[in-house]
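Okay, structure first, notes after.
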Amino acid sequence: MLRLEPRTEASRLMQWCSPLLAATLTLLAGLAIFWLLDKDPLEGLHYFLISPVKDLYGVSELLLKATPLMLCAIGLAVGFRANVWNIGAEGQFMLGAVGASGVALYFAESDSALILPAMLLAGALAGALWAAIPAFLRTRFSANEILVSLMLVYVAQLFVSWLVFGPWRDPMGFGFPQTAMFHDAALLPTLLDGTRLHLGFVFALGALALGYVFMNRSYTGFKMRVAGEAAEAARYAGFSARRVIWIGLLSGGAAAGVAGMAEVAGPMGQLTDKLNFGYGFAAIIVAFVGRLHAFGILLASLLMALLYIGGEQAQQYMNLPSSISMVFQGLLLFFLLGSDVFIHYRLRIGRARA
Amino acid sequence: MDAALFSSILFATVVAGTPLIIVALGLLVSERAGVLNLGAEGMMAMGAVAAFAVTHSTGNPWLGVLAGLTAGMGTALIHGVLCLSLQANQVAAGLAVAIFGVGLSAFVGKPFESVALPAVPPIRIPFIADIPLIGEALYNQQALVYFSWALFWAVLWFLARSRAGLVLRAVGEAPASAHAIGYPVILIRYLAVLFGGAMAGIGGAFLSVFYTPMWMEGMVAGRGWIALALVVFATWRPLRVMVGAYLFGGVMITQLFIQGSGLQIDFPAQFLSSLPYWATIVVLVLISRNPNAIRLNSPASLGKPFRPEQ
């Protein structure tokens with residue numbers, strides 16, 4: 001008989017092995033799904049794991065996809081560590097895109113070198129502002145931040161739709177719901193000729209480094225962790241619970257806002273109502289699979305980006321809906337949460353000793 | 001306002017509130033047993049797509065509802081296994097269920113995106129449907145509307161009057177004591193979670209088979225999350241769930257009526273459409289402002305894992 005026996009101490013080994021176990025189980029489940037759908041599992045594997053990264057262009061597309069995931073996830077991790085559940089990164093991403101687009105459209109005549117920094121700032125501020133709503137309502141009225149931040153995703157989507165159907169619609173755009181294309185000074189430069197990989201990737205790496213220093217090396221980051229792992233201890237030590245909530249939500253909002261800015265100033269080049277890529281939700285998975293740690297998030301975002309691109313390839317070559325990548329993403333998180341049981345428990349065979 | 005318009009607004013409000021009632025009552029039972037399931041949106045989406053697919057292929061909407069119920073339960077079972085057997089964090093597991101359910105429903109629903117179902121005729125209750133003004137609106141409705149009322153009475157009776165309901169509440173308030181007396185805490189929580197999933201599945205089925213007889217990716221449109229907010233708003237009491245659900249139904253319908261009325265209001269449609277979401281936020285703020293109301297009424301062990309000592 002199999003049974004779980006509590007460990008005396010959390011296993012550090014399993015802490016890091018559990019994501020690998022989860023990825024392996026997702027892979028096996030993927031093979032089973034392809035087999036059930038009457039598709040060749042090896043062909044599926046090829047499109048999901050090998051063909052996206054078979055050349056330099058493929059790798060650059062992978063890094064491009066991973067950019068918003070890294071940004072959103074590292075911001076969310078700051079909050080998650082402190083048990084601040086911001087799950088509205090999707091909306092904060094959209095607001096960041098709106099803020100950056102506003103700057104680009106307002107200064108459409110200018111080709112000053114300051115436009116991009118201004119867009120970056122506007123994106124981060126707009127994202128942080130959107131996250132400030134749940135932060136304020138949580139600290140002032142103790143309204144649940146999960147539900148408020150989530151509701152604001154729908155509001156953000158409708159807001160973007162209003163902008164691109166209404167005041168910001170490109171007059172030359174044949175009535176399509178999109179703004180004018182940004183001019184060159186408002187576009188992020190690409191890093192490699194012939195690819196779409198842009199400067200936003202460097203922002204993402206910077207954010208990971210910043211997140212690492214903040215969470216693992218700073219006193220405020222330490223306070224946030226204490227607040228998350230032992231709320232009573234944090235209160236006893238006199239750490240302000242309100243500050244923890246504000247920092248947790250604002251850093252998530254600002255990072256997601258930067259991701260939104262990088263998306264409109266990068267691969268999109270304009271604001272459209274098709275902003276709902278789900279990066280903000282996928283980033284929740286990235287943050288968990290990456291163990292709320294900067295280095296883990298780097299690896300997890302690459303894995304999730306691979307799943308995104310694999311989904312697109314499966315649609316193109318295997319005649320499967322691209323939403324299959326969402327299925328795999330959900331499975332990945334299920335398996336991770338399931339594998340995490342081994343951090344605190346070990347598997348024993350046989351009956352418990354009396 | 002003339003009588004016909006009043007009647008049609010009332011009718012539409014009841015219809016819009018119905019899925020919220022069914023889903024929120026299911027979540028309420030699950031939360032009273034101490035299990036928070038944030039996956040409502042995913043369970044509803046799975047229920048909606050399963051119900052649509054089965055109704056489409058069999059032509060029988062009731063088999064569809066059954067399929068929706070089963071799909072909702074199946075999705076909830078994942079949450080149960082993760083949280084109850086594997087001690088996972090309930091917030092994280094619920095988010096996973098939400099993401100997975102929405103994704104899987106989009107995936108399996110792809111072939112059904114362009115088909116429509118025939119509308120299911122409402123059931124007219126003789127005599128009382130003839131009451132002027134409200135009769136047509138309340139008693140010439142879809143069967144699931146009547147079901148939502150029956151469910152309300154059943155949940156009310158179950159929680160307040162039945163022995164099983166008492167045990168369920170004990171499990172939610174003090175799992176360690178319930179375990180010590182000898183109640184199977186984990187099993188009871190499993191049943192509560194499955195009930196929540198089943199109701200979310202029926203709620204989803206109502207959307208795709210009765211409300212708008214079609215399937216579209218993302219058609220649940222946040223109703224699962226609104227239902228979760230409703231349970232907090234209702235401070236875990238069934239009667240307030242009913243009231244809250246119809247209030248929300250009213251907000252959703254009023255904005256639709258304003259949009260459809262052709263009134264020349266200089267107000268963008270998108271802002272009107274965002275009203276239900278703002279309303280959810282406002283309601284959460286109003287109710288949470290008084291922390292005692294939440295603290296006194298929320299099940300004491302809500303969201304906390306429990307592992308019986310061997």
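The values are calculated or read from the model by the stated rules, or taken from the named source; none is laboratory data. Everything numeric here is computed off the predicted structure, so don't read it as measured data. Using ideal geometry, Cβ is built from the backbone for each residue, glycine included, and neighbour counts are taken over all protein chains shown. When the accessible area is computed, the model is the full protein with side chains, heavy atoms only, and any ligands, DNA or RNA have been set aside. Shrake-Rupley method; radii C 1.70, N 1.55, O 1.52, S 1.80 Å.
Just one of the numbered conditions (1) within 14 Å of another protein chain (Cβ to nearest Cβ); (2) among the small types (G, A, S); (3) out of contact with any Asp or Glu (no Cβ under 6 Å at 6 or more places or on another chain) is not true of A:G211: (1).
Any chance region B:153-168 includes a residue that's basic (K, R) and surrounded by 14 or more Cβ atoms within 10 Å (Cβ to Cβ)? Within region B:153-168 (the criterion being basic (K, R) and surrounded by 14 or more Cβ atoms within 10 Å (Cβ to Cβ)), the answer is no, since none of the residues qualifies. None of B:G101, B:G80 is out of contact with any His (no Cβ under 7 Å at 6 or more places or on another chain), within 11 Å of another protein chain (Cβ to nearest Cβ), open to solvent by less than 10 Å² (accessible area, probe 1.4 Å) and not acidic (D, E) except B:G101. Quickly run through region A:226-241 and pick out the residues that are crowded, with 18+ Cβ neighbours inside 10 Å and touching a residue at least 24 places away in the same chain (Cβ under 8 Å). Matches in region A:226-241: A:A227, A:G228.
In region B:178-193, how many are open to solvent by 60 Å² or more (accessible area, probe 1.4 Å) and either closer than 25 Å to B:V243 by Cβ or in a helix (DSSP H, G or I) (or both)?
Here is the first cut: in region B:178-193, the ones open to solvent by 60 Å² or more (accessible area, probe 1.4 Å) are B:179-181, B:183-184, B:187, B:191.
In the following step, the residues that additionally are either closer than 25 Å to B:V243 by Cβ or in a helix (DSSP H, G or I) (or both) were identified as B:179-181, B:187, B:191.
The qualifying residues number 5.
Comparison of A:L320, A:L292, A:L347, A:L336 shows that the only residue that is more than 9 Å from chain B (Cβ to nearest Cβ), in contact (Cβ under 8 Å) with a residue 40 or more places away in the chain and either in contact with a helix residue (DSSP H, G or I) (Cβ under 7 Å, 6 or more places away or on another chain) or assigned to a loop (DSSP other than H, G, I, E, B) (or both) is A:L292.
Summed over region A:64-97, residues that are aliphatic (A, V, I, L, M), under 15 Å from A:L271 (Cβ atoms) and open to solvent by less than 10 Å² (accessible area, probe 1.4 Å) total 2.
Per the listing B:R295, B:R307, the residue uniquely in a loop (DSSP other than H, G, I, E, B), within 11 Å of chain A (Cβ to nearest Cβ), open to solvent by 20 Å² or more (accessible area, probe 1.4 Å) and not acidic (D, E) is B:R307.
Name the residue that is modelled with the highest pLDDT, counting only residues in region B:104-113 that are more than 7 Å from every other protein chain (Cβ to nearest Cβ) and open to solvent by less than 10 Å² (accessible area, probe 1.4 Å). Lay out the reasoning, then the answer.
Here is the first cut: in region B:104-113, the ones more than 7 Å from every other protein chain (Cβ to nearest Cβ) are B:105, B:108-109, B:111-113.
Subset that is open to solvent by less than 10 Å² (accessible area, probe 1.4 Å): B:105, B:109.
Numbers: B:S105: 95, B:G109: 92.
Among them, the one singled out is B:S105.
Can you tell me which residue among A:Y279, A:Y212 is aromatic (F, W, Y), in contact with a Phe, Trp or Tyr (Cβ under 9 Å, 6 or more places away or on another chain) and surrounded by 21 or more Cβ atoms within 10 Å (Cβ to Cβ)? Steps first, please.
Values: A:Y212 fails: surrounded by 21 or more Cβ atoms within 10 Å (Cβ to Cβ).
After ruling out the rest, the residue left standing is A:Y279.
When B:V231 is tested against (1) crowded, with 24+ Cβ neighbours inside 10 Å; (2) over 23 Å from B:R161 (Cβ atoms), exactly one condition is not met: (2).
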